[in-house]
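> After the structure tokens below, expect a handful of questions from me.
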Amino acid sequence: MSDALTKALAERDVLLADGATGTNLFNMGLQSGDAPEFWNRDEPEKIRTLYRNAVNAGSDLFLTNSFGGNASRLKLHDAADKAYEFSKLAAELGREVADAAGRQVIVAGSVGPTGEIMGAAGTLSHETAVEMFEETAKGLLDGGADVLWVETISAPEEFRAAAEAFANLNAPWCGTMSFDTAGRTMMGVTSADLSALVESLPNPPIGFGANCGVGASDLMRTVLGFAAQGTERPIIAKGNAGIPKYVDGHIHYDGTPELMGEYAVLARDAGARIVGGCCGTLPVHLEAMRKALDETPKGARPTLDLIAEKLGGFSSDSDGTGEDEGPQRERRGRRRKS
């Protein structure tokens, strides 16, 4: 399998990834509690539309609708035996859209967490996790994905299991964690920890970084944490479109296209080579991000004060990597573009 992502990174300074999967599918009629992966079989045109919308907005790569396509998560919907099938369908639909784009567009096979806890306190063994990740990954590769993309991981044990599964298939991959608790993942991993973990793997990813989390400001601070480690691997930034708010019975993200355009440029200037959006990021946000990246010259690495000024304050005083690191004055909501 040709490594399309590595080739694209060698040709371009920054790649624009896609936006939200769940948010966009909810806007198409997906109901809360439903497994999106069923739509790969039952509503294929809506999944094609999801992918096309990202491509038409200017994305250079998009993730497949397979985030929950593993046996552990699908068993909650009595479909544990559909992991390979649903993942393969997700990639096949993506391959179809990418091949019709008229330009190079990379299909990244999304691999989400199992939803179970590993390690001494958990019930999921390393061997079982590897098997589940491998089943999902094989479906994505057989469906035509260019690269595997594990995302929203919290535990280092799960990251290692995914890496082993991908090595078993000799597949190129990327990996992101979600830093949502004072600069740490739910399991306490910091940006420095992930940087070290990546380099310790027998088959390190092409690129690594952060997705989801709290908001764009916090994610930017994590990106600066990766850069501070001196990594030479491409850094990935996929931040949420602002902060979620509960309005009229639904979750809405308050990030405007203007804010996401600012975020895209700041992420690039901070060292990210792949920039996209996560929850709440719609095609209109991607269009603004594409325009900002294309039209704004590369600048100096942003300071924390500049990030807070442009995107809003941080949700915590520190990014978790040390007592003296992270902004000490800016808090969420102090100054925020809306």
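Here is a yes/no grid of residues against (1) at pLDDT below 95; (2) within 19 Å of the chain's Cα centre (by Cα); (3) at positive phi:
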residue	(1), (2), (3)
272	no, yes, no
287	no, yes, no
291	no, no, no
294	no, no, no
299	no, no, no
307	no, no, no
315	yes, no, no
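> Do you know which residues across the stretch 32-57 are modelled with pLDDT under 95 and at negative phi?
32
> For residue 83, are the conditions met, namely being outside any loop (DSSP other than H, G, I, E, B), in contact with a strand residue (DSSP E or B) (Cβ under 7 Å, 6 or more places away or on another chain) and open to solvent by less than 70 Å² (accessible area, probe 1.4 Å)?
So residue 83 fails the test.
> Pick from the stretch 296-324 the residues that are among the β-branched types (Val, Ile, Thr) and surrounded by 18 or more Cβ atoms within 10 Å (Cβ to Cβ): which of them is nearest to residue 269 (Cα to Cα)?
Here the answer is 307.
> Next up: Collect the residues in the stretch 186-210 that are under 14 Å from residue 226 (Cβ atoms) and touching a Pro at 6+ places or on another chain (Cβ under 9 Å), keeping them in residue-number order.
189, 193, 194, 197, 198, 205, 207, 208, 209
> Residues in the stretch 34-50 that are surrounded by fewer than 24 Cβ atoms within 10 Å (Cβ to Cβ) and polar (S, T, N, Q): how many?
Adding up the residues that qualify gives 1.
> Now, a different point. Kindly check whether there is at least one residue in the stretch 129-142 that is among the hydroxyl-bearing types (Ser, Thr, Tyr) and assigned to a helix (DSSP H, G or I).
So far as the stretch 129-142 goes, yes, one or more of its residues are among the hydroxyl-bearing types (Ser, Thr, Tyr) and assigned to a helix (DSSP H, G or I).
> Can you tell me which of (1) touching a helix residue (DSSP H, G or I) at 6+ places or on another chain (Cβ under 9 Å); (2) open to solvent by 60 Å² or more (accessible area, probe 1.4 Å); (3) without any contact (Cβ under 8 Å) to a residue 24 or more places away in the chain is the one residue 92 doesn't meet?
(3)
> Related question: So residue 115 clears everything in (1) open to solvent by less than 50 Å² (accessible area, probe 1.4 Å); (2) closer than 27 Å to residue 219 by Cβ; (3) in contact with a Lys or Arg (Cβ under 8 Å, 6 or more places away or on another chain); (4) not β-branched (Val, Ile, Thr) except one condition, right? Which one?
Residue 115 satisfies all of (1) open to solvent by less than 50 Å² (accessible area, probe 1.4 Å); (2) closer than 27 Å to residue 219 by Cβ; (3) in contact with a Lys or Arg (Cβ under 8 Å, 6 or more places away or on another chain); (4) not β-branched (Val, Ile, Thr) except (1).
> Quick one: residue 133 ticks every box in (1) free of Cβ contacts under 8 Å to residues at least 60 places away in the same chain; (2) closer than 20 Å to residue 187 by Cα; (3) open to solvent by less than 60 Å² (accessible area, probe 1.4 Å) bar one, so which box is it?
Condition not satisfied by residue 133: (1).
> Name the residue, out of 53, 65, that is buried (at least 19 other Cβ atoms within 10 Å of the Cβ) and in a loop (DSSP other than H, G, I, E, B).
65
> What do you reckon, is residue 78 charged (D, E, K, R) and either crowded, with 19+ Cβ neighbours inside 10 Å or touching an Asp or Glu at 6+ places or on another chain (Cβ under 9 Å) (or both)?
In short, no.
> Which of the strands (runs of 3 or more DSSP E) found entirely inside the stretch 164-282 contain at least 3 residues meeting this: crowded, with 23+ Cβ neighbours inside 10 Å and touching a residue at least 60 places away in the same chain (Cβ under 8 Å)?
Because the criterion is at least 3 residues that are crowded, with 23+ Cβ neighbours inside 10 Å and touching a residue at least 60 places away in the same chain (Cβ under 8 Å), the strands (runs of 3 or more DSSP E) in the stretch 164-282 that meet it are 272-277.
> While we're here: Assuming residue 19 fulfils every condition listed in (1) without any contact (Cβ under 8 Å) to a residue 40 or more places away in the chain; (2) touching a Cys at 6+ places or on another chain (Cβ under 8 Å) apart from one, which condition is it?
(1)
> Also, I was wondering about something else. From the list 100, 79, exactly one residue is hydrophobic (A, V, I, L, M, F, W, C), in contact (Cβ under 8 Å) with a residue 40 or more places away in the chain and in contact with a helix residue (DSSP H, G or I) (Cβ under 9 Å, 6 or more places away or on another chain). Which is it?
After ruling out the rest, the residue left standing is 79.
> While we're on this one: Checking residue 29 against (1) touching a Ser or Thr at 6+ places or on another chain (Cβ under 9 Å); (2) not in a helix (DSSP H, G or I), only one condition comes out false. Which one?
(1)
The values are calculated or read from the model by the stated rules, or taken from the named source; none is laboratory data. As the structure is a prediction and not an experimental result, all values here were calculated from the model. Using ideal geometry, Cβ is built from the backbone for each residue, glycine included, and neighbour counts are taken over all protein chains shown. In case anyone asks, the SASA skips ligands and DNA or RNA and just uses the protein heavy atoms, side chains included. Shrake-Rupley method; radii C 1.70, N 1.55, O 1.52, S 1.80 Å.
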